[in-house]
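Take a look at the structure below.
The values are calculated or read from the model by the stated rules, or taken from the named source; none is laboratory data. All figures in this text were calculated on a predicted structure; none of them were measured in a lab. All Cβ positions, even for glycine, are placed from backbone atoms using ideal geometry, and neighbour counts span all protein chains on display. Please note that ligands, DNA and RNA were not included when accessible areas were found on the heavy atoms of the full protein model with its side chains. Shrake-Rupley method; radii C 1.70, N 1.55, O 1.52, S 1.80 Å.
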Amino acid sequence: MKRLATIFAIIMAGLTANAEVATESFTRVMNPVYAKKYSESPIQIDAVFYRHGLPKFYRIPPFMKEGYYIFQCTRVDGKESELNTLNGEAYGEVFLIEESRKAEIESLTKGTKLTVTGKTKLYANPLAFGQEEVYFIVETVAPTNK
């Protein structure tokens, strides 16, 4: 019986590992109301590369101080955020990829369409009275022709 349970567990693990990742809209995934749903298992979204690094005067959350390369993306329709009233700069949503994989991002130029798979990370910003900010932790990224 124990052997049968082990075989069943191995089969289930294989099926789970090969399961297709669901696709969701950029807007929904990056919305704090829904983002928690995408923090446990990978989700795929279409995005447009906007720029490298963080917006000016952006306070870096503690969880991303080391080990990540930071870049920004926007929705496929190319709409960036509203202007930031502190510095007048438009910006995209913040995406993170492991520092060791930054070469996958460094050559991208503004407007490159991407298919990105990863998970969301929510952060309750104490300077914004606990308002949750959404970050996207990238697992895979690929330019597309969509």
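Could you name every one of the strands (runs of 3 or more DSSP E) located completely within the range 91-146 that has at least 2 residues being closer than 18 Å to V76 by Cβ and in contact (Cβ under 8 Å) with a residue 60 or more places away in the chain? Outline the logic, then answer.
Numbers: elements: 93-98, 113-125, 131-143.
Qualifying strands (runs of 3 or more DSSP E): 113-125, 131-143.
The residue that is surrounded by the most Cβ atoms within 10 Å (Cβ to Cβ), among those in the range 92-119 that are hydrophobic (A, V, I, L, M, F, W, C) and more than 15 Å from A35 (Cβ to Cβ), is I97.
Within the range 55-71, the set of residues being open to solvent by less than 40 Å² (accessible area, probe 1.4 Å) and either among the β-branched types (V, I, T) or outside any strand (DSSP E or B) (or both) comprises P55, P61, M64, I70. Filtering the range 120-146 to residues that are open to solvent by 60 Å² or more (accessible area, probe 1.4 Å) and at pLDDT 90 or above leaves K121, E139, T140, P143.
The set of residues from the range 28-46 being under 10 Å from the mean Cα position of the chain (by Cα), part of a strand (DSSP E or B) and either of a type in the set (K, R) or under 11 Å from R75 (Cβ atoms) (or both) comprises just one member, I45.
Within the range 62-74, the residues that satisfy the criterion of being under 13 Å from F136 (Cα atoms) and at pLDDT 75 or above are Y68, Y69, I70, F71, Q72, C73, T74. Condition check for L4 on (1) assigned to a helix (DSSP H, G or I); (2) modelled with pLDDT under 70; (3) closer than 30 Å to P126 by Cα: one failure, at (3).
Which of the residues that make up the range 75-107 are modelled with pLDDT of 90 or more and of a type outside the set (D, E, K, R)? Answer for the range 75-107, where residues must be modelled with pLDDT of 90 or more and of a type outside the set (D, E, K, R): V94, F95, L96, I97, S100, A103, I105, S107.
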